[in-house]
Amino acid sequence: MRPEIAVLDIQGQFRVYTEFYRADAAEKTIVMVNGSLATTASFAQTVRNLHPQFNVVLYDQPYAGKSKPHNVHEKPLTKEVEGQILLELIDHFNAEHVMSFSWGGAAALVALAHRPKRIEKAVISSFSPVINEHMHDYLTRGQQHLGAFDRYEVGTLINSTIGKHLPSLFKRFNYRHVSSLDLHEYAQMHHHINHVLDTTTHGQIKAAKRINVPVLFMNGEWDEYTAAPDARLFANHIRDCHFTTINNAGHFLDMENKAACLESQNALMSFLTPAPEPTRLQYRQVQSNHAFAI
């Protein structure tokens with residue numbers, strides 16, 4: 001399954017690395033939005049869950065992954081800028097769906113609030129409008145370690161908190177990735193955290209109220225940081241809101257165990273794929289007096 005790779009120019013400001021997994025039989029395209037510090041590699045399992053039923057688009061933010069060499073990193077990006085980049089990609093790939101993970105939910109909500117014409121449905125995973133006690137502790141410690149550019153502590157913190165339910169192999173990959181990032185990437189995450197800690201949920205709620213497409217919120221049963229009950233608060237603000245809690249899963253959902261991966265895939269397909277129209281059976285009478293459907 002080889003993607004079509006391109007580096008796209010976004011309004012003359014950014015160059016964005018993209019991977020397009022085309023499926024000949026697919027009728028719809030979905031754009032995936034990374035979490036903070038993540039790259040296209042983090043959606044490897046999700047692509048397998050969605051392809052070939054859908055064309056799948058992955059991309060790296062200008063400051064991350066394979067987009068990094070193509071951009072100048074003068075200052076951190078805001079979630080509003082990330083939302084605008086997402087809108088450009090939706091238009092470029094003629095996408096009907098959006099799916100975000102973790103911090104990517106902030107950019108996705110910003111983009112959806114602009115009511116892009118082509119978008120039909122959206123999935124927001126591992127995200128909530130609430131900074132609860134667990135998330136506040138995680139962000140506060142992250143703010144300290146990122147501000148000091150302490151690579152060891154940043155990697156250890158992520159694996160012991162939001163990543164604590166990952167298999168040991170994934171934890172090693174996660175630590176290796178997070179502890180080897182460029183300084184501007186730590187500065188970007190530090191900016192994200194400062195923004196979250198310094199503001200209320202008003203901005204997210206305001207954006208949510210403008211969304212006019214069905215949205216599915218997916219959260220893990222064991223996720224203390226973006227907890228499923230907190231995510232359900234969006235029901236008060238989004239007119240067509242759906243929720244699912246993935247059993248035996250933490251923050252990383254389809255990466256943590258096979259059962260959670262399968263449940264995540266089923267939840268995605270049930271939401272994104274319309275139910276078939278019920279078949280109206282017609283009957284004809286035959287000599288044996290039994291009825292057969294035709």
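The values are calculated or read from the model by the stated rules, or taken from the named source; none is laboratory data. Treat the numbers as computed from the prediction; the structure is a model and nothing was measured. In this analysis, Cβ positions are derived from the backbone assuming ideal geometry, glycine residues included, and neighbour counts consider all displayed protein chains. We work out accessible area using only protein heavy atoms, side chains counted, and drop any ligands, DNA or RNA first. Shrake-Rupley method; radii C 1.70, N 1.55, O 1.52, S 1.80 Å.
Things worth noting here:
- Between N212 and M1, the contour length at 0.36 nm per residue exceeds the alpha carbon distance by 72.6 nm.
- Rounded if a/c under 1.5, otherwise prolate or oblate - the stretch 154-265, Cα gyration tensor axes: oblate
- Computed from point charges on the beta carbon alone (+1 for Lys and Arg, -1 for Asp and Glu), the dipole magnitude for the stretch 173-261 about its Cα centre is near 400 Debye.
- Pairwise FRET efficiency - Y152 versus R115, Cβ, R0 = 30 Å, nearest 0.05: 0.10
- A DSSP coil position with no more than 16 other Cβ atoms inside 10 Å describes the following GluC sites (Glu not before Pro) in the stretch 127-234: E221.
- Seen from F149, the other residues with C-beta closer than 11 Å to its C-beta sum to a net charge of -3, counting Lys and Arg as +1 and Asp and Glu as -1.
- Environment charge of F271, counting only residues whose C-beta is closer than 15 Å and scoring Lys/Arg +1, Asp/Glu -1: -3
- With the helix formula -39500 (n - 2.57) applied to DSSP H stretches of n ≥ 4, the chain reaches a computed 222 nm mean residue ellipticity of -11500 deg cm²/dmol.
- With the charge dipole of the stretch 51-176 set up from +1 on Lys and Arg Cβ and -1 on Asp and Glu Cβ about the Cα centre, the Cα lying farthest toward the positive end among the listed residues L109, T140, V56 is that of V56.
- The label-point distance for K75 and M269, in a model that sets each label 7 Å from Cα toward Cβ, rounds to 4.7 nm.
- Here the dipole of the stretch 1-135 is about 100 debye; that uses its Cα centre as origin and unit charges on the Cβ of Lys and Arg (positive) and Asp and Glu (negative).
- Signed unit charges on C-beta, dipole axis of the chain, positive-most listed residue L37, A23, N247: A23
- Pairs spanning more than 31 Å between alpha-carbon atoms, out of K68/K258; K206/K258; K66/K209; K117/K164; K28/K68; K171/K209: K68/K258; K206/K258; K66/K209; K117/K164; K171/K209.
- Cβ-Cβ FRET estimate between T140 and Q13, R0 fixed at 25 Å, reported to 0.05: 0.20
- Surface composition of the chain: carbon and sulfur make up 51 percent of the accessible area, probe 1.4 Å.
- Point-charge dipole on Cβ atoms (K/R +1, D/E -1) for the chain, about Cα centre, debye to 20: 520
- Three-way shape label, the stretch 53-152, alpha-carbon gyration tensor, a/c 1.5: oblate
- Using the Cβ-Cβ distance between L169 and A259 with R0 set to 22 Å, the FRET efficiency works out to roughly 0.80.
- nm² value of the averaged projected area, convex hull over the Cα atoms of the chain: 18.2
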